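The values are calculated or read from the model by the stated rules, or taken from the named source; none is laboratory data. The structure presented is a predicted model; accordingly, all values stated were derived computationally and were not measured. Cβ atoms come from the backbone with ideal geometry, glycine included; neighbour counts cover every protein chain shown. In case anyone asks, the SASA skips ligands and DNA or RNA and just uses the protein heavy atoms, side chains included. Shrake-Rupley method; radii C 1.70, N 1.55, O 1.52, S 1.80 Å.
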Amino acid sequence: TVLAKEIGISPEKLLLLSDGKNKTGHYRLAYVLGLAAAGALDNNGPAYKSAAYACYYLKKYELAEDLYKKAIDSDPNLAPAYSNLGNCSMNWDERMRRRSNIDWPLRLTRILQLLITTMQSIAKRRKI
């Protein structure tokens, strides 16, 4: 809220700018704009998703994963956040596998556990 007010741009405009910068490959700026928007929006899921998208392309997979989780927590109906979270986890896990020669099935288990935890969280919120 502070940044949006300070520079005189609405949080909705910050989100649009963040999405636009992601499309043009200006990921660092997209990340900052997305976080600024997330701090000022009531439904900040799309803003966290935009910041996470930028982190993914900056190869900051763990941070992207955390931001996608925040996006999903904020807006459980944000379908792209789920698929992007899966992609992020797969890339991060592949990178770790190459570095440490850890058995791939163990990493796949981590991804499945993340998916199960996320789905359980959504079910609790929706009281399914």
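For the range 7-90, which whole-number percentage of the solvent-accessible area (1.4 Å probe, protein heavy atoms only) is attributable to carbon and sulfur atoms?
That share works out to 54 percent.
Please work out the FRET efficiency for the pair ASN77 and LEU16, using the Cβ-Cβ distance as r and a Förster radius of 25 Å; give the result to the nearest 0.05. Before the final figure, lay out the partial values.
Details: r = 20 Å, r/R0 = 0.80.
It comes out at approximately 0.80.
According to a simple spin-label model (label point 7 Å from Cα along Cα-to-Cβ), what is the distance in nm between LYS23 and ASN87?
Taking the two extended label points, one gets 1.6 nm.
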